[in-house]
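Okay, structure first, notes after.
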Amino acid sequence: MDTDAALAALSALAHPTRLDAFRRLVRAEPAGLSTGQLVAASGLGQSTLSSHLAVLVAAGLVTPEKRGRQMIQRADIERLRALMLFLARDCCNGSADLCEPLIADLACC
């Protein structure tokens, strides 16, 4: 991931509604959630949530899939992985032992 892509992803996640929706989608992988499920969980109107989803889609963090009459939203886990690696790549000046607690925290959850 390059700097521009990382900034686009971070910018998209820098809003409480979008961050909440993305985290819900990450938890729902690999099945994803319908747009209706996300609307119900958010308490927002369909058009408002759709605008937020469009920002996440433009940043490459969410992929919509048409399934029958429903639009299923899925988190792009590979894009999340790339963002996390971008942020942690130079962690602790190459001292892997200093990053072990971070890795352990991710493994436990």
*Failed item in (1) in contact with a Lys or Arg (Cβ under 7 Å, 6 or more places away or on another chain); (2) more than 19 Å from residue 59 (Cα to Cα), with residue 36 passing the rest*: (1)
_Quick check on this structure: which one of 76, 90 is under 23 Å from residue 1 (Cβ atoms) and either of a type in the set (Val, Ile, Thr) or at pLDDT below 95 (or both)?_
90
*Give just the number: which of (1) among the hydrophobic types (A, V, I, L, M, F, W, C); (2) within 24 Å of residue 103 (Cβ to Cβ); (3) modelled with pLDDT of 95 or more; (4) in contact with a helix residue (DSSP H, G or I) (Cβ under 6 Å, 6 or more places away or on another chain) does residue 38 not satisfy?*
(2)
*asked:* Suppose we keep only residues that are among the hydrophobic types (A, V, I, L, M, F, W, C) and within 12 Å of residue 9 (Cα to Cα) within the range 49-68. Which one would you say is surrounded by the fewest Cβ atoms within 10 Å (Cβ to Cβ)?
replied: 58
*Those residues of the range 28-48 which are surrounded by fewer than 14 Cβ atoms within 10 Å (Cβ to Cβ), closer than 16 Å to residue 79 by Cβ and of a type outside the set (Asp, Glu), in sequence order*: 30
*The listed residue being part of a helix (DSSP H, G or I) and either among the charged types (D, E, K, R) or free of Cβ contacts under 8 Å to residues at least 60 places away in the same chain (or both), out of 6, 82, 31, 12*: 12
*Filter the range 49-65 for residues that are farther than 19 Å from residue 83 by Cα, part of a helix (DSSP H, G or I) and touching a residue at least 24 places away in the same chain (Cβ under 8 Å) and give the result.*
49, 52
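The values are calculated or read from the model by the stated rules, or taken from the named source; none is laboratory data. No experiment lies behind these values; they were computed from the predicted model shown. All Cβ positions, even for glycine, are placed from backbone atoms using ideal geometry, and neighbour counts span all protein chains on display.
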